[in-house]
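Have a look at this one before I ask anything.
The values are calculated or read from the model by the stated rules, or taken from the named source; none is laboratory data. All values derive from a computational prediction rather than experimental measurement. Ideal geometry is used to build each Cβ from the backbone, glycine not excepted, and the neighbour counts take in all protein chains shown. The accessibility values were calculated without ligands, DNA or RNA, using every heavy atom of the protein model including side chains. Shrake-Rupley method; radii C 1.70, N 1.55, O 1.52, S 1.80 Å.
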Amino acid sequence: MEGTLMSIKQWLEQNTYHHDDFWDLKKMIKEKEKKNLKVSLCIPTLNEEKTIGKEVVLFKSELMNRYPLLDEIAVIDSGSTDKTLEVAANFGADTYLSTEIIPRLGIKKGKGENLWKAIYQLEGDVIVYVDADIKNIHPRFVYGLVGPLIYRDEVQYVKAFYDRPLAVSENIRVSGGGRVTEILTRPIFSLFYPELTAIIQPLSGEYAVRREVLEQIPFPIGYGVETSHLIDVYNKYGLEAFAQTDLDKRVHRNQPTTSLGKMAFGILQTFLHRAEEHGKVKVLENMSTVLKQFQARAEKYEILENEIIEDERPPMITIPEYREKFNIDQ
Amino acid sequence: MTSKKNGAKRNSEFIGNKLPEILEVIKSSRETLLANLILLGEIPAETFHEERRNQALINRFSELGLLNTSIDEMHNGVGLLAGSEGHSNILIVAHSDTVFSETRDHALTISPDEVSGPGVADNSLGVATLATLPDILKKLNIHLKNNLILMGSSRSLGKGNIKGLKFFLDNNKLPIKAGLCVEGVELGRISHVSMGMLRGEIVCKIPAEKEWSGFGNESAIMTLNEMINKINEIPIPRKPRCSIILGRIEGGTDPNKKALKAKLGFEVRSESSEAVEEIGFLLEEAVAEIRSQTKDQITLEIFAKRSPGGIQFTHPLVRNARNILEHLDIVPRYNPSTSELGGLIDEGIPALTIGLTQSKLLELETEVIEIEPVYKGLAQLVALILMIDGGYADEH
């Protein structure tokens with residue numbers, strides 16, 4: 001236990017950054033060019049017409065035209081019914097419908113599906129994933145995550161964390177994640193994967209990863225994608241493969257508690273499957289995939305049943321179309 | 001007379017030939033302008049708190065290779081784009097303060113046609129223009145003879161009383177050939193004269209004990225109401241043109257409590273300084289009269305005062321501005337200004353205020369600007385700079 005604490009402490013000191021550490025974009029681009037790296041940005045979307053324009057225009061102007069850190073900006077959409085794709089294309093993003101990428105494999109509904117298909121569609125050696133609903137978007141959301149991968153070859157996976165001060169006293173600030181992180185993910189990590197508790201916000205939707213890692217890991221297509229990534233990359237490469245960057249404040253839509261319940265249910269499914277695979281827990285029977293929640297109507301309570309199946313895509317490296325596109329030997 | 005006519009014709013041809021290329025390059029700079037608008041416009045900059053926004057502006061100037069960039073004691077952000085000769089300077093100024101406090105959500109929303117958010121028109125677009133202008137000039141391969149001073153000025157609005165610009169003009173050692181004040185709206189506006197102006201606040205206070213006693217009229221809001229009625233009785237001459245704008249009112253804390261304090265912000269405007277003085281005197285009289293009737297504490301504070309002035313309609317700078325707008329198929333509108341322009345005029349610097357685009361819902365958090373007209377707004381600015389730099393806007 002003491003050993004874990006030591007390794008977490010050491011890792012925190014060596015692998016935790018602030019986006020200001022990477023302010024010198026000219027230097028970063030020089031290093032990127034020296035290493036001949038290509039960086040792709042993937043923005044997964046579903047009905048994001050209000051915020052997507054701002055994200056695309058900012059990243060294109062600052063990180064493609066002014067400082068050529070990004071080689072492509074792609075929006076991968078789950079079938080928006082608003083003008084998300086039109087707006088994104090207008091400001092210069094490459095736009096794709098998730099259903100049209102490797103159509104032979106059919107459609108699975110969920111954000112993870114877009115992230116997985118991005119590995120096939122995009123060309124970069126590094127892929128940065130940034131959510132589309134960030135109100136205070138800034139170039140730091142990309143360069144802060146890409147920086148550790150460009151400067152340190154041993155780093156494979158960089159996760160974002162944010163400043164969410166609720167109360168500050170005597171210079172001690174609680175650095176935590178959202179509600180699901182604090183009441184679900186952190187307790188289960190503490191129980192079964194204590195080293196992973198070093199990741200301050202394990203569920204943050206912004207991360208940058210090397211292609212050779214992404215293509216090797218399976219992708220839950222729903223809520224469990226971030227949790228499974230952390231467990232799978234940790235199992236394969238250890239804690240040293242991770243880094244995390246403080247991106248300061250992130251302003252986004254707040255989710256109602258019922259949505260958080262669904263998220264927690266999906267994460268728990270993913271976690272239990274992984275833990276069972278790794279021999280950490282023994283799940284004795286088939287788990288239910290129905291989440292039961294309640295709502296009050298007049299004087300009666302009604303049960304709401306949501307079926308949440310954490311379906312998974314296999315590692316991209318196993319898909320023939322991918323192997324062909326990237327010339328991977330059979 | 002003939003030479004003036006010929007000169008005007010030559011200028012018109014020059015502008016006509018150059019504008020299509022300018023417009024083309026500006027359209028290709030859309031992302032740069034919008035990115036600057038986001039990066040600068042989302043930094044809160046309420047009057048007297050502009051430092052962070054102006055710091056970001058001069059950081060951008062440095063990134064663009066401007067050598068002389070600085071923040072002065074008033075927190076003006078200034079950058080100098082050196083000219084090939086550099087004997088004189090053209091000042092482009094955009095006030096960087098807004099009426100929105102730091103606690104407001106400053107996030108902007110962008111669609112292909114519009115940008116919305118607090119202060120986007122007044123005057124984040126002006127500030128973003130300063131940050132984008134060096135890029136546009138570079139793309140157009142324009143090398144000016146004169147230095148271009150780009151300035152995000154602080155303390156412009158309300159009690160700020162253009163203190164930022166005044167400080168710069170008082171302490172700057174560089175000779176300024178002409179000035180252009182850049183405002184987000186409205187495209188087509190040419191302000192070449194500054195109105196005489198008196199800006200201030202009337203504060204009514206009632207003693208605390210009146211808050212709970214009696215059922216009468218005791219309330220600062222009622223007193224302020226009397227005050228407003230009295231102001232309405234002030235005779236406003238038609239000539240010279242005058243107006244009293246009652247622009248802001250505040251008072252009380254709760255619907256069920258008598259207001260102990262109420263405030264009225266006003267601005268007197270006139271083409272004549274005598275008329276401004278006269279109305280100012282009548283306001284003082286009105287305050288004294290209501291004070292004597294109510295026995296309440298009523299104060300009048302004047303925090304900004306400017307004399308009318310400007311350049312003639314026939315000045316080459318105005319003529320060129322008109323000509324440029326006509327080439328862009330925009331009908332010029334001549335509105336007097338009460339802002340930065342007055343500071344430049346006071347120093348004898350030929351100057352204009354121009355607008356960049358069209359807007360909706362000004363001064364609300366949902367303030368909206370249209371993107372498409374900005375191309376013409378910026379083309380107008382670049383063409384005017386070329387005219388000034390080439391000496392076409394000099395008065396002989």
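Given a 10 angstrom Cα cut-off, can you work out which residue in A:Leu191, A:Leu63, A:Leu272 is the most mobile in a GNM of chain A?
Maximum among the listed residues: A:Leu191.
For region A:220-327, run through the chymotrypsin sites (Phe, Trp or Tyr not before Pro) and keep only the ones in DSSP coil with at most 16 other Cβ atoms within 10 Å of their Cβ. Kindly include the intermediate steps, with their values, before the conclusion.
Details: sites: A:Tyr223, A:Tyr234, A:Tyr237, A:Phe242, A:Phe265, A:Phe271, A:Phe294, A:Tyr301, A:Tyr322, A:Phe326; in loops: A:Tyr223, A:Phe326.
Counting only loop positions with at most 16 other Cβ atoms within 10 Å, the chymotrypsin sites (Phe, Trp or Tyr not before Pro) in region A:220-327 are A:Phe326.
Could you calculate the contour length gain from A:Asp21 to A:Asn286, that is, 0.36 nm times the residue separation minus the distance between their Cα atoms, to one decimal place in nm?
90.7 nm
Residues of region A:58-94 losing 10 Å² or more of accessible surface, assembly versus chain alone, probe 1.4 Å, please list them.
A:Leu58, A:Lys60, A:Ser61, A:Glu62, A:Asn65, A:Arg66, A:Tyr67, A:Val87, A:Asn90, A:Phe91
By what distance, in whole Å, do the Cα atoms of region A:198-295 stretch along each of the three principal axes, largest value first?
Principal extents (Cα only, largest first): 41, 38, 23 Å.
On to the next question. Helix B:2-28 against the longest principal axis of chain B: what's the angle in degrees, Cα atoms only, rounded to the nearest 10?
90
FRET efficiency for B:Glu289 and A:Lys34, Cβ-Cβ distance as r, R0 = 56 Å, nearest 0.05?
Values: r = 79 Å, r/R0 = 1.41.
FRET efficiency, B:Glu289 to A:Lys34: 0.10.
Here's something else I'd like to know. In debye, nearest 20: dipole of the protein assembly as shown around its Cα centre with unit charges on the Cβ of K, R (+) and D, E (-)? List each step's numbers first, then the result.
Details: 85 positive and 103 negative charges, 217 e Å.
In total the dipole reaches around 1040 debye.
Continuing with the same structure: What residue among A:Leu122, A:Trp23, A:Met316 has its Cα farthest toward the positive end of the dipole of region A:2-325, where the charges are +1 on Lys, Arg and -1 on Asp, Glu, each on the Cβ?
Ranked along the dipole, the leading option is A:Trp23.
Which listed residue (B:Val368, A:Phe219, B:Phe303) has the Cα farthest towards the positive end of the charge dipole for the protein assembly as shown, taking +1 on Lys and Arg C-beta and -1 on Asp and Glu C-beta about the Cα centre?
Ranked along the dipole, the leading option is B:Phe303.
Give me the tail of P(r) for region B:250-396 as a percent: Cα-Cα pairs with distance above 22 Å.
Details: 6463 of 10731 pairs.
Beyond 22 Å sits 60 percent of the P(r) for region B:250-396.
Continuing with the same structure: Highest GNM mean-square fluctuation, chain A, Cα pairs closer than 10 Å: which of A:Pro220, A:Pro148, A:Pro256?
So, out of A:Pro220, A:Pro148, A:Pro256, the one fluctuating most is A:Pro256.
Under a point-charge model restricted to the Cβ atoms of Lys and Arg (+1) and Asp and Glu (-1), what is the dipole moment magnitude of region B:196-306 relative to its Cα centre, in debye to the nearest 20? Walk me through the numbers on the way to the answer.
Values: 17 positive and 18 negative charges, 60 e Å.
So the dipole magnitude of region B:196-306 works out to roughly 280 debye.
Quick one: longest stretch of chain A between exposed loop GluC sites (Glu not before Pro), exposed meaning at most 11 other C-beta atoms within 10 Å and loop per DSSP?
In short, A:1-153.
Per residue, what volume in Å³ does the convex hull of the Cα atoms of region A:2-325 enclose?
On the way: hull volume 53.5 nm³, N = 324.
About 165 Å³ per residue, rounded to a whole number.
Now for a separate question. Considering only DSSP beta bridges where both residues belong to the protein assembly as shown, give the percentage that are antiparallel (nearest 5). Provide the component values of the computation, followed by the final result.
Numbers: 67 of 111 bridges.
For the protein assembly as shown, the DSSP antiparallel bridge percentage is about 60.
Could you check the simple spin-label distance between B:Lys261 and A:Asp82, using points 7 Å along Cα→Cβ, in nm with one decimal?
Output for this residue pair reads 4.2 nm.
Bin width 10 Å, origin at 0, all Cα-Cα pairs of region A:1-141: what percent of pairs per bin?
11, 36, 30, 17, 6, 0
Taking only the C-alpha atoms, wrap a convex hull around the protein assembly as shown and report its volume per residue in Å³ as a whole number. Don't skip to the answer; put the middle values down first.
On the way: hull volume 161.2 nm³, N = 726.
For the protein assembly as shown, the hull spanned by Cα atoms encloses 222 Å³ per residue.
What distance in nm separates the simple spin-label points at A:Gln293 and B:Glu277, each placed 7 Å from Cα in the Cβ direction?
So the two model labels end up 7.2 nm from each other.
Next up: With +1 on each Lys and Arg Cβ and -1 on each Asp and Glu Cβ, how big is the dipole of region B:106-262 about its Cα centre, in debye rounded to the nearest 20?
Values: 21 positive and 15 negative charges, 166 e Å.
Around 800 debye, computed over region B:106-262.
Once the dipole of region B:176-281 is set up with Lys and Arg at +1 and Asp and Glu at -1 on Cβ about the Cα centre, which of B:Leu198, B:Gly251, B:Ile234 lies farthest towards its positive end?
B:Leu198
Pull up the DSSP beta bridges for chain A and report the antiparallel fraction as a percent, rounded to 5. Let's see the in-between values first.
Numbers: 19 of 41 bridges.
Looking only at bridges with both residues in chain A, the antiparallel portion is about 45 percent.
Same structure again: Mind pulling up the Rg/Rh value for chain B? Radius of gyration and Kirkwood radius, both on Cα.
1.02
Using 0.36 nm per residue, how much length does the chain from A:Glu123 to A:Glu302 gain when fully extended, once their Cα-Cα distance is taken away?
Details: separation 179, 0.36 × 179 = 64.44 nm, distance 4.88 nm.
That works out to 59.6 nm of additional length.
Given 4 °C and 1.567 mPa s, how large is the Stokes-Einstein diffusion coefficient of region B:241-304 in µm²/s, with Rh as the Kirkwood radius over Cα pairs? Could the numbers behind the result be given before it?
Details: Rh = 13.5 Å.
After rounding, the answer is 96 µm²/s.
If you take the beta carbon distance between B:Ser101 and A:Lys262 as r and set R0 to 41 Å, what does 1/(1 + (r/R0)^6) give as a FRET efficiency, to the nearest 0.05?
Numbers: r = 37 Å, r/R0 = 0.91.
Computed FRET efficiency for B:Ser101 and A:Lys262: 0.65.
Can you tell me the convex hull volume per residue for region B:196-306, based on C-alpha atoms, in Å³ to the nearest whole number?
Values: hull volume 10.0 nm³, N = 111.
Dividing the Cα hull volume of region B:196-306 by its residue count gives 90 Å³.
Would you jot down the residues in region A:122-151 that end up with at least 40 Å² less accessible area in the complete protein assembly than in the chain alone, with a 1.4 Å probe?
Buried-area filter returns A:Lys135.
Counting only DSSP beta bridges with both residues in chain B, tell me the antiparallel percent, nearest 5. Kindly include the intermediate steps, with their values, before the conclusion.
Numbers: 48 of 70 bridges.
In chain B, approximately 70 percent of DSSP beta bridges are antiparallel ones.
If you build a Gaussian network model of chain B, linking Cα atoms that sit under 10 Å apart, which residue out of B:Ser111, B:Ser307, B:Ser88 swings the most?
The residue with the greatest mean-square fluctuation here is B:Ser111.
What angle do you read, to the nearest 10 degrees and between 0 and 90, between the alpha-carbon axis of helix B:30-41 and the longest principal axis of chain B?
30
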